Amino acid sequence: MDVNVKNLEPDVVARLAEQAAAEGMSQQEWVRQVLRRTAARFSPAELLAQRESSEPMSDADFARLRKKAAARHKAAADRLGATGRRR
């Protein structure tokens, strides 16, 4: 599938070019990756529908998710060399 975006603001085009260059990619590949990531996520409407159809989370489930998120955050901080830094 080919996508053609018309009338994109020059500052948006420039920013996409900067991001692509920073990643060492062509602008086309960068936009393809952005679209893939976006398509893999739920839309706000999908999230709302999912939330309305689900049961409330238990305290144990919440604690498990919180621990998992903290581990992911720490791993990302370690990869970036930001250990020991707090916001």
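The values are calculated or read from the model by the stated rules, or taken from the named source; none is laboratory data. Everything numeric here is computed off the predicted structure, so don't read it as measured data. So basically every Cβ, Gly included, is an ideal-geometry build from the backbone, and we count neighbours across all protein chains shown.
Here are some notes:
- Flag for residue 21 being surrounded by 11 or more Cβ atoms within 10 Å (Cβ to Cβ), among the small types (Gly, Ala, Ser) and in a loop (DSSP other than H, G, I, E, B): no
- Residue check for residue 62: of a type in the set (A, V, I, L, M, F, W, C), surrounded by 10 or more Cβ atoms within 10 Å (Cβ to Cβ), in a loop (DSSP other than H, G, I, E, B) and out of contact with any Cys (no Cβ under 6 Å at 6 or more places or on another chain): no
- Residue list for segment 44-59, restricted to those being surrounded by fewer than 11 Cβ atoms within 10 Å (Cβ to Cβ) and either outside any helix (DSSP H, G or I) or among the hydroxyl-bearing types (Ser, Thr, Tyr) (or both): 53, 54, 55, 56, 58
- Filter result for residue 41 (surrounded by 10 or more Cβ atoms within 10 Å (Cβ to Cβ) and among the basic types (Lys, Arg)): no
- Residues within segment 32-87 that are modelled with pLDDT under 90 and in contact with a Ser or Thr (Cβ under 9 Å, 6 or more places away or on another chain), tallied: 0
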